[in-house]
Each structure stands twice: as structure tokens, then as C-alpha cells.
Amino acid sequence: MRGTPGSQTPGEEDGSTLGAADCSIPSAADTPSPDTAGHDRVRRFWSARRVPAALVALVLLAAAGLLLYDVAAVRADRPAMAWRRRLARELATRHLDNPWVLGAAAVVLVLGIWLFVLAVTPGLRQVLPMRPAAPDLRAGLDRAAAALVLRDRAMEVAGVQSVRMAVSRRKAKAHCVSHFRELDEVRADLDTSLGEGLRQLGLAHELRLTVDIRRPKKR
């Protein structure tokens, strides 16, 4: 679990999967966690994204320093660097439909879109925001930890042999194998146990619960 004073927590990307079993029989209906209408304004944690920011800063610093040095050298009556003379010649002679020009433009476009996406999205997809306990305190729960807690609760249900729990930002899905008792009875107990587990996690936004259950494969 993560807790920070203020409104931002550092860190950084997918669902957690615990246990080992495949499932094939879906539950009758999805079960939402408790009402969280009063916590709709709780936002996701934003990633500081230090690595992309550092890489961009280093590249820009190196390019600006090299260009500044070359401009200063030209002002001092020295010849421009070979790379700048070649670049000027290529820009003057190559047409816009040249494959190299189109390829360079595509690379720049992709990098620009990547940086824009990083700038406008929160990141930290593995951290689920929790209900605030105090006005100046924010807490988050790792999806892996949430999946582990729910898996342990599912394993306490009679008749459950193994559980594979997957928790995303909007859903919690349990894939279970039951080796005795009626499947409907086991599913009902799992819905109750996991629903209570979701409520006890104290998440700010509701997760939809889905339970899939099947019998063990015959050897």
C-alpha cells in the first residue's frame, strides 16, 4: 500500500495475476463493490516519469550545446562542422517526398505523440487510489497486493482448490477451480467473500467482481 501527503506520488505500468488455474464457467452476474459516489473526485496517482524527462533533457542539452559551439566557431571565422554543412546541403537538395525525409518526419511524429501521451496521462496504472482518511492524505493500493488479499479470501471458501486472481483498474476477476461441493454454492460463497473483501480494501472507485469457476481437469 502507498500513502503520501499531498496530491502526487512518484513511481510508474499491468494487471496482477496470482495463483494458477484456468476457468471456463462464468458467474451469473458481475457484482459491484460498495457505492463510492461520494469519492468520485478522488483522482489517480500521477507518475513523475523521471526517466523520459531525463532522456529528453539530456538529448536537448547535447543538441543545444553542440549547435551553440558550432555557431560560436563560425562567428570566430572558423569553418562550420562537417555534419552541419552536410545537413544544410541535404535539406537544400532533397525533396519532401524523399524516403529519408518521410522516414525522419515519421520518427519525429511518433516521438511527439509519445511525449504528448506521457504528458496528459497519469501513469501508475498499478496503483489503485483509496478512500481518503484525511483531507491532506492520499493513499493507494498496489493491484498485486489487492489481488493477493482477494486470492487469500477466496482460498478460505470451502470447496475451492485453486484461485487465479486478476485485478485491473475497473474489474476484479477470480478464476477458480472447485474439487467438491456444487459449483453454484461455491460461486455464491465466493461472491459473498470477495465482495466483502473488496469493501474492506477501502478503494475510492468501485471494482466490478466476476467469478469464473470450473471443475479440475481430469487426468
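Sorted by accessible area with a 1.4 angstrom probe, largest first, how do S178, S168 fall?
Ranking S178, S168 by accessible area, largest first, yields S168, S178.
In whole Hz, with x marking every Gly and Pro, tabulate ³J(HN,Hα) for the stretch 191-197 from phi via Karplus 6.51 cos²θ - 1.76 cosθ + 1.60, θ = phi - 60°.
In residue order, the calculated couplings are 4, 5, 5, 6, x, 5, x Hz.
Testing the spin-label approximation: label points 7 Å from Cα along Cα→Cβ at A133 and K217. State their distance in nm.
About 4.4 nm, to one decimal.
Counting only residues 5 or more places away or on other chains, whose amide H sits under 5 Å from the amide H of A172 once H atoms are built in the peptide plane?
Excluding prolines and chain starts, which carry no amide H, the hits are R208, L209, T210.
Per residue of the stretch 94-107, in order, report the coupling 6.51 cos²θ - 1.76 cosθ + 1.60 (Karplus, θ = phi - 60°) as ³J(HN,Hα) in whole Hz, putting x for Gly and Pro.
Working through the residues one at a time gives 7, 7, 5, 8, 5, x, 5, 5, 5, x, 5, 5, 5, 4 Hz.
Please list, in chain and number order, the residues 5+ apart from L141 or on another chain whose amide H is under 5 Å from its amide H, with Hs placed from the backbone.
R2, L128, M130
Could you please state, rounded to a whole Å, how far the C-alpha centre of the stretch 92-128 is from the C-alpha centre of the stretch 152-171?
Using only Cα atoms, the two centres lie 41 Å from each other.
Calculate the FRET efficiency for N98 and A63 from the Cβ-Cβ distance with a Förster distance of 30 Å, rounded to the nearest 0.05. List each step's numbers first, then the result.
Values: r = 23 Å, r/R0 = 0.75.
That pair, N98 with A63, gives E of 0.85.
Ordered by residue, what ³J(HN,Hα) values in Hz, to whole numbers, does the stretch 154-162 give under the Karplus form 6.51 cos²θ - 1.76 cosθ + 1.60, where θ = phi - 60° and Gly and Pro are x?
Working through the residues one at a time gives 5, 5, 7, 6, 5, x, 8, 8, 8 Hz.
In nanometres, what is the gap between the two model label sites at R75 and A88, each 7 Å from Cα along Cα-to-Cβ?
Label at R75, label at A88, 1.6 nm between them.
Rounded, prolate or oblate: which fits the stretch 100-174, taking a ≥ b ≥ c as square roots of the Cα gyration tensor eigenvalues, rounded meaning a/c under 1.5, else prolate when a/b beats b/c?
Oblate is the answer for the stretch 100-174, as a/c is 1.5 or above yet b/c matches or exceeds a/b.
Tally up the carbon and sulfur contribution to the accessible surface of the stretch 56-136 as a whole percent, 1.4 Å probe, everything protein left in place.
C and S fraction of accessible area: 73 percent.
The values are calculated or read from the model by the stated rules, or taken from the named source; none is laboratory data. Please read these numbers as outputs of a predicted model, since none were measured by experiment. Ideal geometry is used to build each Cβ from the backbone, glycine not excepted, and the neighbour counts take in all protein chains shown. Quick note on the areas: whole protein, heavy atoms, side chains included, nothing else; ligands and nucleic acids left out. Shrake-Rupley method; radii C 1.70, N 1.55, O 1.52, S 1.80 Å.
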